[in-house]
Every structure is written in structure tokens, then in C-alpha cells.
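Read through the structure below, which is laid out as C-alpha cells, and then see the notes.
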Amino acid sequence: MEISSDALVLVDRPADRIARLTLNRPEKRNAMSNALRTQLFAALEAADRDPDISVIVLRGAGSCFSAGYDLSSDVRDEQPWYSAGGLGNWPRHVTEGCFRIWDLAKPVIGQVHGYCLAGGTELAAACDLLYVAEDAMIGYPVVRSISPPDNQFYPWLVGMRRAMEMMLTGDTISGREAAEDGFANRAIPLADLEATVLEIAARVAKVPTDVQQINKRAVHRQMEAMGIRAGIRAGTELQALSAMTKSAQAFYAAVQSDGLTAALSERDGKFGDYRTKNG
């Protein structure tokens, strides 16, 4: 797997049997276009097939993990794999991607710093293990203008009350709160995050891959028995319904007429956070 500075996803091997994937659009806060997602899933699947790899680390370049999907692009175009069209295509497509990560044989470890927002939280939630910087900012502000998540993982990970608060406000939680609430395994000082993740990845890599794939699936099967796949798939229909509301359509129109930055500033201005925090 070659590393290219022009790639939207960088791949390196920081230690024996560890593949590390880095989202590489730092100038866009690693906003996930379909071009980036195509490279990401290709790299994930290549690492999963590689007999010399036991564990995969996923992180973001620059100031943050990911600020979400690239809303300046048409997400219906050039999706990484085929998902049935019609209403709800995008949330179904996103959910299929999260389950693709679940269904890899090898464990995926998320390493989150800075903003982890909207689609970024969905990607992080799909990882098998998740370690976050203490001062990371994690949330789903899309609930303020368009819809609940495409992949409605919050109730499964943080419980009903905490999930309800996040869904009704769009506010962020810190990395420390994410670990306390169950979204992440552990919150770590930013300066120590990379080294800690690599130490954990090295421990995970000590278990033979033929055994480890069963260990990973054993946890997922219990979650599936409790209904997580059915619940998340059912949630895609609610996301599609919400995206058709007058308010959501008005937001999309504002993006087209005024630009994404102005639309987001208008959305978040009354809350005084995200890009409007110091405004």
C-alpha cells in the first residue's frame, strides 16, 4: 500500500501488523466526499485482505478527525458502491458503509481529535474501538436543520436520555464526556493520543487474526440479537422523511442561494457555537 501526498486517504504502517489510514483533506476539515469515501473503503478492504495486517487504525489529518460529509457535493453521485436508489438512498448507503466496517474480519480502531461532527461521528461509531482526545468536540449539528443521523447509533451507545439531549440540541460533547457516556472507550490527553492508540493496536495485534475475527463478531452478534441492525436500518426511513420537511428543504435552498458557510452560520448563530462561537 503506497503513501501519496495527493491521496485523499493516506496509508502507512507505523508498527508491525498495524495499518493506519489517515483522512487527508485537512484544508476541508476532512469533509467526506464520495471520492474520499471511495479511497477509504478501498483501503479498509485492502488492509482486511492483507495477511500481514492484524489491526487497522483510522484517524484524520490536520486539526480534526472529520467535520462530516461534504455538503458542497452531490452525495448521490459516484457513491463507492451501489445502493438502491429512490427516497432514502443516502442514509441507506451510509448505514451500509458502517456495517461494512463492522463486518471486516480485522478490528478497526478510531483515533479522534478536534471536531468529530455529523458524518464524522457515524464513521467513528462504526469503529470497533474508539479513543478520543480529551478536548475533542463530538456532535451531530445536522439535527438543527435537516434530520437525525443517517446511522442512528446514539441511543445504542450512550442511552436514551443522553441521546435525546444530543438529538434535541445538536450540541457537542467533549472527549471526556464521550468516554464517560460510552461513545468512546477512553479519553486521552491530545499529546498522548497517537502513542496510546498505537500501544493498544499493538496489543490487539498480538491475538491471531483467525481468532480475533471471531472475538469481534461475538460482540456484534450480541448487539444484533438486541436489534441494533434492524433499529439502525429502520432509522434510515426517519432520516429520509425528515429531509423532506419544509425546514430541511429551506436549509438546502439557503445553501444553494447563500453558500454553505452562510447557511451553517445562520443555523448555528442562535446557539452561539461551532463556527459562530466567537462571532
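The values are calculated or read from the model by the stated rules, or taken from the named source; none is laboratory data. Given the structure is predicted, the values throughout are model-derived calculations rather than measurements. Using ideal geometry, Cβ is built from the backbone for each residue, glycine included, and neighbour counts are taken over all protein chains shown.
Arg49: closer than 21 Å to Asp103 by Cβ and without any contact (Cβ under 8 Å) to a residue 24 or more places away in the chain, yes or no? Yes; evaluated as a whole, the condition is true for this residue.
Name the residues in segment 60-100 that are within 26 Å of Glu27 (Cα to Cα), hydrophobic (A, V, I, L, M, F, W, C) and outside any loop (DSSP other than H, G, I, E, B), would you? Hits for segment 60-100 are Trp90, Val94, Cys98. Scanning segment 269-279 for residues that are over 21 Å from the mean Cα position of the chain (by Cα) and either surrounded by 12 or more Cβ atoms within 10 Å (Cβ to Cβ) or at pLDDT 90 or above (or both) yields Gly269, Lys270, Phe271, Gly272, Thr276.
Within segment 1-24, the residues that satisfy the criterion of being in contact (Cβ under 8 Å) with a residue 12 or more places away in the chain, in contact with a Leu (Cβ under 6 Å, 6 or more places away or on another chain) and in a loop (DSSP other than H, G, I, E, B) are Leu8, Asn24.
A search for C-beta distances below 7 Å between a residue of segment 175-196 that is in contact (Cβ under 8 Å) with a residue 24 or more places away in the chain and any residue that is assigned to a loop (DSSP other than H, G, I, E, B) and surrounded by fewer than 17 Cβ atoms within 10 Å (Cβ to Cβ), counting only pairs 6+ apart in sequence or on different chains, returns Gly175/Asp135; Leu190/Asp135. Annotation: of all residues in segment 9-31 being more than 22 Å from Pro107 (Cα to Cα) and under 16 Å from the mean Cα position of the chain (by Cα), the one that is surrounded by the most Cβ atoms within 10 Å (Cβ to Cβ) is Asn30. With respect to the conditions (1) without any contact (Cβ under 8 Å) to a residue 40 or more places away in the chain; (2) more than 14 Å from the chain's Cα centre (by Cα), Glu122 lacks only one, and its number is (2). I need a count of the residues in segment 95-126 that are of a type outside the set (Ser, Thr, Tyr) and either on the phi > 0 side of the Ramachandran plot or in contact with a strand residue (DSSP E or B) (Cβ under 8 Å, 6 or more places away or on another chain) (or both). The number of residues fulfilling the criteria is 19. Taking Thr38 as the residue in question, decide whether it is of a type in the set (Ser, Thr, Tyr), out of contact with any Lys or Arg (no Cβ under 7 Å at 6 or more places or on another chain) and outside any loop (DSSP other than H, G, I, E, B). Yes: the conditions hold for Thr38.
Among the residues of segment 207-256, those that are of a type in the set (Lys, Arg) and in contact (Cβ under 8 Å) with a residue 60 or more places away in the chain comprise Lys216, Arg229, Arg233.
Summed over segment 151-203, residues that are more than 24 Å from Leu238 (Cα to Cα), of a type in the set (Asp, Glu) and exposed (fewer than 15 other Cβ atoms within 10 Å of the Cβ) total 3.
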